[in-house]
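What follows is a set of notes on a single structure, which appears directly below.
Just so it is clear, none of the values below were taken in a lab; they were calculated from the coordinates. The structure displayed is predicted, hence computed values, not measured ones. With ideal geometry, Cβ positions are generated from the backbone for all residues, glycine too; neighbour counts draw on all protein chains shown.
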Amino acid sequence: MPTTLPDHPDDPRPSRPSGDPCEPLRVAVLGSTGSIGHSTLDVIAHSGGRLVPHLLAARSSTEKLLEQANRWRPAWVVVTDPAAAAAIGPTALPAGTRLAVGPEALDQLVADPAVDRVVSAIVGAAGLQSTWAAIEAGKIVALANKETLVMAGPLVMRRAAETGARIIPVDSEHSAIHQALACGRPGEVKRLVLTASGGPFRNRPGESLASATPQEALRHPTWAMGPKITIDSATMMNKALELVEARWLFGLPAAKLAVVVHPQSIVHSLVEFIDGAVIAQLSPPDMRLPIQHALFWPHRVAGPARRLDFNETIRLDFEPPDLERFPAVRLGLEAAARGGTAGAVLNAANEEAVRGFLDGALRFTDIAELCGRLLDEHSFHENPTLDDIRRLDAWARQEVGKWACV
Ligand code: NAD
Ligand code: MG
């Protein structure tokens, strides 16, 4: 039997149609076949029936999706790539599970009143549309897809305020900050300090970075993640994107954001208050904790995430980032400071450059160089619409494509 969670002044569940806090929360997992999707289903598996998957969505990994559907029997399975969906036979889904195809179907189903929580874990710019649909529908969104805020932060935060949607971060740094901010008032925050593992090339000499191979860059020392974000960790572009994400999510100017390299990935980020107190959140690198935090927020429950063992010696090192070897961090600070279309261009240029690097068409160091160039060259808008953002996204991808062909 699902247990009742204690009352909490911020508990969003009384707004559910039935208002019954004992009912399980129905979760839409967007990107269920990916790394965050997989961890989300593990959190659900350990929730004692308090969370149930209502919808599982992926682009084309139908084999894995069908395996998940048969294990979880959600009401809906969504495949956004019609060609991949066409290969699903009529008997592949369990009784009671229906198939929907295409991004528009996903947008509609995400907005359905039957959905209590949306886990936004599609990778890249492709995640913006369905996250936007969830925000339009006033949902509580567990947001892993940082690109949504990097591309369209001001629009998304404004729309969420209008519709009553809540965005609870899943990105471990932002989850840590979300938790640490509870220790003070907004006006008492001096600075947010995002921790970065430093990635696989933390100690690699700058002159050998140009020859770094995809295989080397995909070997992350502390986190097991999808390939795109793993390359972003190697370039430290992940931290750049996270700076922009933090800027909009927490509504603080770029001057109040900082990055520190912390190779153990145990301190997930810190908040410095005006009195000098620094509050951090610590736990082993395991995304199940921030996912669970977002899904159960504002409550804490026991879960499957690994725990720190204080019977062992735990070492915590902190060092400033090397902006010469990792220029991406500077680009992130710049994009966070400029706002407008800077985040969308940085994100699109990076996504395309990462693809080029993985395909062997670009060198590792080309990624940040190209991103910097396009950030400088693009026709900047201070207050873009979603259409402006989509247009510049396409422009940046095209520009990187030209470069990769040279
Ligand atoms: P992944 O590559 O492992 O999985 C991506 C998922 O998105 C897959 O299920 C794939 O089918 C789906 N997808 C891709 N394009 C799609 C489309 N057009 N329509 C529908 N589904 C689509 O990625 P991941 O590592 O799980 O990352 C997911 C998101 O979470 C990213 O935005 C990433 O930055 C963020 N994130 C990940 C981690 C992590 O530990 N993996 C940590 C913090 C934030
Ligand atoms: Mg992160």
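Summary table below
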{"read-out": "Rough spin-label spacing in nm, given labels placed 7 Å along Cα→Cβ, for L386 and K190", "value": "4.1"}
{"read-out": "Descending Cα extents along the principal axes, the chain, whole Å", "value": "58, 53, 44"}
{"read-out": "Ascending count of other beta-carbon atoms within 10 Å, so fewest first, for S120, S39", "value": "S39, S120"}
{"read-out": "In nm, spacing of pseudo-spin labels at D317 and R300 (7 Å Cα→C-beta vector)", "value": "3.0"}
{"read-out": "Amide H within-cut-off set for V261, under 5 Å, with H built and near neighbours excluded", "value": "A196, E319"}
{"read-out": "Net charge of neighbours whose Cβ lies under 15 Å from the Cβ of A224, counting Lys and Arg as +1 and Asp and Glu as -1", "value": "+1"}
{"read-out": "Segment 209-318: trypsin sites (Lys or Arg not before Pro) in DSSP loop, at most 13 other beta carbons within 10 Å", "value": "R219, R300, R306, R307, R315"}
{"read-out": "Dipole axis of segment 278-381 (+1 Lys, Arg; -1 Asp, Glu on Cβ), positive-most option in T365, A344, M287", "value": "M287"}
{"read-out": "Computed P(r) (all Cα pairs; segment 168-244; 5 Å bins; percent)", "value": "3, 13, 23, 20, 15, 10, 8, 5, 2, 0"}
{"read-out": "Order of K64, K139, K402 - criterion: other Cβ atoms within 10 Å of each residue's Cβ, fewest first", "value": "K402, K64, K139"}
{"read-out": "Least to most buried among T148, T62 (fewest other Cβ within 10 Å first)", "value": "T62, T148"}
